[in-house]
Structures are given as C-alpha cells and as structure tokens.
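The values are calculated or read from the model by the stated rules, or taken from the named source; none is laboratory data. All values reported here derive from a predicted model rather than from experimental measurement. Here the Cβ positions follow ideal geometry from the backbone for every residue, glycine too, while neighbour counts run over all protein chains shown. These accessible areas exclude ligands, DNA and RNA; they are computed on the full protein's heavy atoms, side chains included. Shrake-Rupley method; radii C 1.70, N 1.55, O 1.52, S 1.80 Å.
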There are 4 protein chains.
Amino acid sequence: MENRWAFTIEWGDCDAAGIVFYPNYFRWFDAAFQQLLRQRGLGQRELGERYGIIGTGLIDCGARFTGPAAYGDEVELVTRIERFEPLSFTVRHIVFKAGRTIVEGFEKRAFLAPGESEGRLRALPVPEAFKALF
Amino acid sequence: MENRWAFTIEWGDCDAAGIVFYPNYFRWFDAAFQQLLRQRGLGQRELGERYGIIGTGLIDCGARFTGPAAYGDEVELVTRIERFEPLSFTVRHIVFKAGRTIVEGFEKRAFLAPGESEGRLRALPVPEAFKALF
Amino acid sequence: MENRWAFTIEWGDCDAAGIVFYPNYFRWFDAAFQQLLRQRGLGQRELGERYGIIGTGLIDCGARFTGPAAYGDEVELVTRIERFEPLSFTVRHIVFKAGRTIVEGFEKRAFLAPGESEGRLRALPVPEAFKALF
Amino acid sequence: MENRWAFTIEWGDCDAAGIVFYPNYFRWFDAAFQQLLRQRGLGQRELGERYGIIGTGLIDCGARFTGPAAYGDEVELVTRIERFEPLSFTVRHIVFKAGRTIVEGFEKRAFLAPGESEGRLRALPVPEAFKALF
C-alpha cells in the first residue's frame, strides 16, 4: 500500500541556485500523504468528521538530501505509512530522480484534537479502523 | 551570535485547519539563516563568489512540533549555528510563541559546488574564515 | 490611512533567474492587507464573526511589473483601500525599491458568505462600519 | 495549441477559510505556461540559451475569480498564448471546476534581457521563431 506520484520540477519550485528550494519537498510530502489518504477514500475533512480531529498534524519531520533536482527534472515520490505507534504514525517518503534516491524524508503525524487550554492540541489514539486501512 | 526574528503568522501561512502549514517553518528557517549571514555581511551571492559554491545547500533537516501557531499569532524565531563539522555545519532554529517553544528545528548545510558528473553536487570543506565569523 | 511594510527579499522568494517569483507579490499583497486590517483591530477571524462571512475574498486582482527585485533587495510595500463599491472594495498596492516603483497591484475584494448552493459564495454589501474605519 | 492540466487541490493550497489561497493560482499559471513551452521542446533554460534572455518575465498579470475551489476539488487549467505584440505576448489561463469556469487569468510576458544599468531589465522583440511555434 503505497502512493507513487510522478511530477516535473517547475520553475517556481527552484531557488536562485537553480535547484529545488528545499521547503517544497515538505509541501510535496504533505500532498503525497493526502493522495495516500484519498486512495482509501479519506481526506482531511472525512478524517475530521469521523474522528473529531482538526487534522493529522505533524509531531516531527525530517529529510535527508543526497542529490539535487532542477527545473524540468522528472521525479517520482513514493510514500507509505511505515509504522504505527499508539499516539502517532510515521509516513515515509522517498524522492527518486532517474531511478536514484535524491531525498528521503518522514513525517510523524498524530490525530490532533483541540486541547484543554486554548491554542493547545492533544493527540488522540490512532484509530484501529484507520490502521486497518493501511 | 544569533538571529532573533519576530513576525506575525499571516493568513496565507495557515492551512484549512487554521494553523501554520508546516512546510512554511522551513521557509522561515531558510530566511532566518540568510538573516544570520547578512548580520555578518554575507549573502548567498557573496558566499558563491568568494568560495566558488552554488550555495550553502541542505544535507539534512528536521523539525519537532510541540504547539500550534495560528493566524495573527506573534512568534519569534531564534537561530544560531550550533556545530561545525569538516564538511558541514548545523543551524539550530527555535520558534517561540508567548515565551513557549512551539517548534525546534535544524538544518545541516554544506558548501556545495558542482560535482564531477552533471546534476551532482559535492561538499567542500567549510572554510575557516566562515567558521571564524560565527 | 495606509500600511507601509519594509522587508528584504529572501532566497526562497526568488526563482532560478535570481529574481522574485511573481506569485510571491500576491502573497505579500494579502499579508499587507491583513496588516492594514490589524491596524484597525480587525483580522479575518474578527471579520468573520462580526459579519458572518468566510473572509474578504478576491473577485479580481492584478499587477504590473516595471522593475525586478532580487535576493537581498530592500523593498517597501505601501497599501491602502482605494475605493468602495456597494459589493466590493479595491485595495491598492505599490512596491518600491530604492524609491522607485517596481510593482503596482490591486485586489478587488468582497465580503463573501456561503451561497445558496454548496460550493458557491455570494458577496454581501460592504458594511458601513467597515468603510468608516478606512 | 493549448495546454490542459488536470489536478487536485491539495491541503496546503488552501487557507484558513478552506478555499484556495489565491496567489497559488499564479503559481499554477506559471507552471502551466512552462508546460506549454515544454510541449514545444522549450524550457526557460533553452529560451535563455537560444535568445540571450534571463527568462520570459512578467510585465502584467491578472485574474478574476467567479467561484471557489477547496481541498480535494478536481480542477482543470487550460492555457494558450492568446496574442503576440512586438515586445510581449499574452498567455490566457482558465480554471474549470466541474465544467464551470472559476478563474480567468492572463500573463503578459516579455523576453527579458539584462538592461543597461544594473538591476534593470529590458524587453527584446519576441522572436519570430518563437511565434511560429505557437
């Protein structure tokens, strides 16, 4: 169960050095995770309504860069949920260019609901029904 | 030697859950690192010309999120270079909201020059003169 | 009654030609409009609660570019509400670099509320109390 | 000769009102124009090398919004070059959702080369060979 997303690096994705401005990788990670959800008929909205959360928010994330991508490059982003923990789950992302890994990243996400005090959030247990889908 | 940057979370920084869309934190990390460089009279362009690099590119990065920020929130981002290694250096970023840490992040950066084959980059030793500035 | 916002063009704001990637100007226009609202103690949230709208959404916008801005450039964005019409108002934005106009833009905005059919919005009359503030 | 691009509105494309943050439409306009160029075997880099320009930069742009798009919506962006003038050309963009036009926009672009004084750009005549392609 994974999501494969092939796309082209666009002009606006690159910085003045002519390579991808790195925060964009996290934008793509987020979009790829959404695609994975939609493969199972879920979206942030459905998750919110079904589980009373404001979203599957980030607890931790990271990326390691082993090669650059530039305007016009064709890349593929492969995404899957790698691990479930009681209060979080980890999404793994790998970006390939011409068959070579150029970025490896992860997102550790939680089912976040409003917390007891304003402006705070708390993590709910990851629902079994959600785990079962992936 | 650190950079302190106070700013307001804007409408366009937030997602449909009303909190910061997390890739923006990396955009701010990058801008804060540039501010730190400019405090020392450096910019990406000066670094490029002085050291023959295309930029101080990313090798690794990450962020941990312990609280949300929403539209209109005042935050402060404190940034400093935490560690030098032979071929890289690590920039530490902390985002405060109302005195409380809400995001801790890092960027591991290298002095990147064009590599031997096209589309590859290689890391040069971090110049002593650069280390001395920070 | 205007908003003046001085800021520095950052690395991530520029494209591979080394100049500002133009959609960013609209991001800044939106943020400057929010700053103008906040000068009067308003935010999108307050507007929403007070007037039953989902926001002051865009009907029309545009920008003319007469000079480039690049990484490290200091610019100033001057913003004011230029005209009120029954169902909309027009925000004027001018970006200056070294005293010279480099971008002139506008946003025509409306007080948008949910429409009769799903996924549609309708414009409410611009409240007199709002006009009086500006 | 047009470019048709169907895509899904992602979570990070939307603002706290749950609809597309409008500067993203210009990001998509730019990407769609690049796709149109690539259909003809051109990219910004090829244009730069062939014609001695830094890019096909913006002189003027605008968009009118007649309906919202939200997370998960499927949209189609149709793009073509509408008009050539001696020193510029106009790209027309229309965004459709469920067969209905929700955004109409344009980009007036020029072949921009470095100008006589630093930090200025000048428009070159639009090459006949370029016109012939579209």
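A few comments on the model shown:
- Other protein chain C-beta atoms within 10 Å of residue C-beta, averaged over C:68-77: 3.
- Averaged over peptide D:51-57, the number of partner chain Cβ atoms lying within 10 Å of each residue's Cβ comes to 3.
- Shielded by partner chains, region D:17-35 residues - at least 20 Å² of accessible area, 1.4 Å probe, vs chain alone: D:ALA17, D:ILE19, D:PHE21, D:TYR22, D:PRO23, D:PHE26, D:ARG27, D:ASP30, D:ALA31, D:GLN34
- Computed with every protein chain present, the accessible area of C:TYR71 is close to 10 Å² [probe 1.4 Å].
- Principal axis extents of the C-alpha atoms in region A:38-134 (largest first, rounded to whole Å): 46, 28, 24.
- Charge dipole (chain C, unit charges on Cβ, about Cα centre) - positive-most of C:PHE29, C:VAL75, C:VAL91: C:VAL91
- Accessible surface, per residue, of the protein assembly as shown when the full set of protein chains is kept, probe 1.4 Å, Å²: 41
- Solvent accessible area, Å² - D:CYS14, 1.4 Å probe, full protein context: 0
- Basic side chains Lys and Arg get +1 at the Cβ, acidic Asp and Glu get -1 at the Cβ, and with that the dipole of region C:56-134 about its Cα centre reaches some 160 debye.
- Measuring with a 1.4 angstrom probe and ignoring ligands and nucleic acids, A:ARG4 comes out at about 130 Å² accessible.
- Of B:ALA16, B:ALA31, B:ALA110, the residue with the greatest mean-square motion in the GNM of chain B, using alpha carbon springs below 10 Å, is B:ALA16.
- On the principal axes of its alpha-carbon atoms, region A:69-117 has extents of 47, 22, 10 Å, going from largest to smallest.
- In this assembly, the A-B interface accounts for approximately 2100 Å² of buried accessible surface in total, computed with a 1.4 Å probe and without ligands, DNA or RNA.
- Average beta carbon contacts from partner chains per residue of D:104-110, 10 Å cutoff: 1
- Here the spin labels are modelled as points 7 Å beyond Cα on the Cα-Cβ line, and at B:ALA129 and A:THR66 they lie 3.4 nm apart.
- Percent accessible area from carbon and sulfur atoms, region C:39-134, protein chains only, probe 1.4 Å: 49
- Lys, Arg +1 and Asp, Glu -1 on Cβ, resulting dipole of the protein assembly as shown about Cα centre, debye, nearest 20: 0
- Stokes-Einstein diffusion coefficient of region C:1-67, Kirkwood radius over Cα pairs, 4 °C, 1.567 mPa s, in µm²/s: 92
- Using the average count of surrounding beta-carbon atoms within 10 Å as a protection proxy, the listed peptides D:48-58, D:116-126 rank, highest first, as D:48-58, D:116-126.
- Taking every Cα-Cα distance in the protein assembly as shown and sorting them into 20 Å bins from zero, the calculated P(r) comes out as 21, 58, 21, 0 percent.
- Unit charges on C-beta of K, R, D, E only; dipole of chain A, Debye: 360
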